[in-house]
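All remarks here apply to the structure that follows.
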Amino acid sequence: MHGLLVLLRRLSWPYIVLLVAANLYFYNYARIASLVHPSADIRFNIYGDPQIEGDAKLQRQPRIGRYDLLANDMYIHHVYRSTIDAFNPHYVVTMGDIFSSQWVNRQEYYRRIHRFKWISRQIDSNNNTIEGDHIYYFLAGNHDIGYGGETQKYHITRYLNNFGLLNRKWYVDFERASDEHTGKPGLHKVAILNAMNLDATRNEEYRREAWGFIRDLAAERASRPEIPFILFLHIPLNKPAGVCEPSPVTRLKDGFVAYQDYLSPATSAFLLHCLRPTVILNGHDHNGCLATHLVRNATHLPVHLSDSDKYLQSSSDLCSMTLEELDMHSSEIEAFAKRTVLTLGSPNITTADHLWSTIEITARSTMGAYGGVTGIFDIRRNHAANRDGIFHPRGMREMSASADGYEYQYREVALGHHIAIRVLLIADIVSAVVVPALLLLVK
């Protein structure tokens with residue numbers, strides 16, 4: 001027995017060293033990552049789909065559920081706090097699916113809002129507002145207001161009252177975050193778009209509001225195409241199978257969207273051709289993905305619109321279509337998209353043979369099961385950048401792209417799987433008791 005205790009004591013020192021190293025990483029992982037991350041003129045911290053759970057979990061698992069909720073809250077709070085402090089962003093953007101269900105009652109909804117404000121570091125444990133230089137923005141996801149076939153007025157009302165507008169736009173420049181059109185060099189336009197009601201929606205009012213916003217953006221893009229445009233929306237654009245992990249799946253109920261992995265081909269084509277985003281950022285699929293859309297006109301490959309004498313052969317033809325025409329000719333628009341949009345996973349690309357390119361970044365979820373990821377999206381001046389645009393992938397979900405004198409960089413910073421973090425915390429607690437006792441027993 002004495003020999004075993006001596007052996008355990010000898011092993012305790014390397015164990016303590018490993019435990020200390022693991023704790024140093026846990027409490028400083030974001031700060032360590034920031035040391036090798038270049039500075040930026042404009043920085044967005046991106047948090048994908050936290051899906052905060054609540055009463056339903058407690059009903060399913062009365063005992064362990066309370067512990068799980070507390071552990072999850074503390075885990076995601078640690079992600080927000082660590083990465084905000086380390087990377088000092090101008091904007092903190094939560095990419096939708098803030099909660100795990102859009103059907104929670106009013107009392108539970110406001111309980112989760114209060115928890116989320118603490119989780120996302122908007123308030124402290126004493127309910128005091130935390131002041132900072134960054135601005136918070138939120139996107140509406142299917143677990144916030146529902147898919148098109150589910151969205152109801154109370155979903156919209158309580159979201160607007162607590163998270164702000166579903167559709168919004170603003171300008172930023174490299175001197176300061178701004179809502180004004182200053183015209184300074186370095187100006188970028190940013191928009192958040194309600195993606196939940198773009199396709200078949202039971203309440204037509206919400207759909208027309210979203211499409212009216214798109215039309216306004218398209219007109220502004222046409223008048224000032226030299227200003228780079230960053231677009232945020234919850235649901236990713238349509239892609240061929242194999243480009244990202246989910247395959248294109250849409251399920252309808254009574255003719256309205258009940259589920260969709262991607263936006264419809266017609267909606268996706270309209271956004272690419274008519275808004276010409278420089279970068280699109282979204283969430284929804286949890287796994288994360290990078291894609292590049294290379295866009296061109298179809299002058300030599302026009303698509304005939306059935307029951308009419310019209311043809312689709314250019315972006316202007318598509319952008320002039322009404323919402324009713326987009327619905328009526330969705331199959332022809334899909335054919336047009338296949339001829340005019342080339343979507344690729346993560347290759348090195350130059351866009352010499354295309355009119356323009358759009359980089360689409362799907363943020364990996366910040367949930368513990370996906371590693372507690374924060375996306376760091378930076379914009380900086382780069383006068384040596386290729387004006388035609390060039391895309392340099394650095395990994396599955398890291399990229400650097402240059403266009404029109406600017407560089408755009410996206411990088412994931414992960415805490416680690418929540419199970420590993422829980423094991424570490426349990427080891428800390430156990431070690432605080434066992435290791436000192438072991439050292440005292442064996443002298």
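The values are calculated or read from the model by the stated rules, or taken from the named source; none is laboratory data. Quick caveat: nothing in here was measured; it's all calculated off a predicted structure. Cβ coordinates were reconstructed from backbone atoms using ideal geometry, including for glycine residues, and neighbour counts include every protein chain displayed.
Cβ separations smaller than 6 Å between residues 6+ apart or across chains give the following pairs from region 304-317 residues that are aromatic (Phe, Trp, Tyr) to residues that are part of a loop (DSSP other than H, G, I, E, B): 311/302.
Scanning region 409-425 for residues that are assigned to a helix (DSSP H, G or I) and surrounded by 19 or more Cβ atoms within 10 Å (Cβ to Cβ) turns up 418, 421.
Across region 37-65, which residue is modelled with the lowest pLDDT among those that are among the basic types (Lys, Arg) and outside any helix (DSSP H, G or I)? Per the criteria, the residue is 63.
May I ask you to list the residues in region 299-337 that are in a loop (DSSP other than H, G, I, E, B) and crowded, with 21+ Cβ neighbours inside 10 Å? Within region 299-337, just 329 meets the criteria.
Scanning region 205-214 for residues that are farther than 20 Å from residue 251 by Cβ and surrounded by 13 or more Cβ atoms within 10 Å (Cβ to Cβ) yields 208, 209, 210, 211, 213, 214.
Note on region 215-249: among residues that are touching a Phe, Trp or Tyr at 6+ places or on another chain (Cβ under 9 Å) and basic (Lys, Arg), the one that is surrounded by the most Cβ atoms within 10 Å (Cβ to Cβ) is 239. Taking the criterion of being among the hydrophobic types (A, V, I, L, M, F, W, C), closer than 21 Å to residue 418 by Cα and not in a helix (DSSP H, G or I), the residues of region 66-103 that qualify are 95, 98, 99. Evaluated against (1) at pLDDT below 95; (2) touching a helix residue (DSSP H, G or I) at 6+ places or on another chain (Cβ under 6 Å), residue 30 falls short on exactly one condition, (1).
Regarding residue 277, is this residue surrounded by fewer than 24 Cβ atoms within 10 Å (Cβ to Cβ), assigned to a loop (DSSP other than H, G, I, E, B), under 25 Å from the mean Cα position of the chain (by Cα) and not polar (S, T, N, Q)? Taking the combined requirement at face value, the residue does not satisfy it. Checking each residue in region 105-117 for being surrounded by 18 or more Cβ atoms within 10 Å (Cβ to Cβ) and either more than 14 Å from residue 163 (Cβ to Cβ) or of a type in the set (D, E, K, R) (or both) picks out 112, 115.
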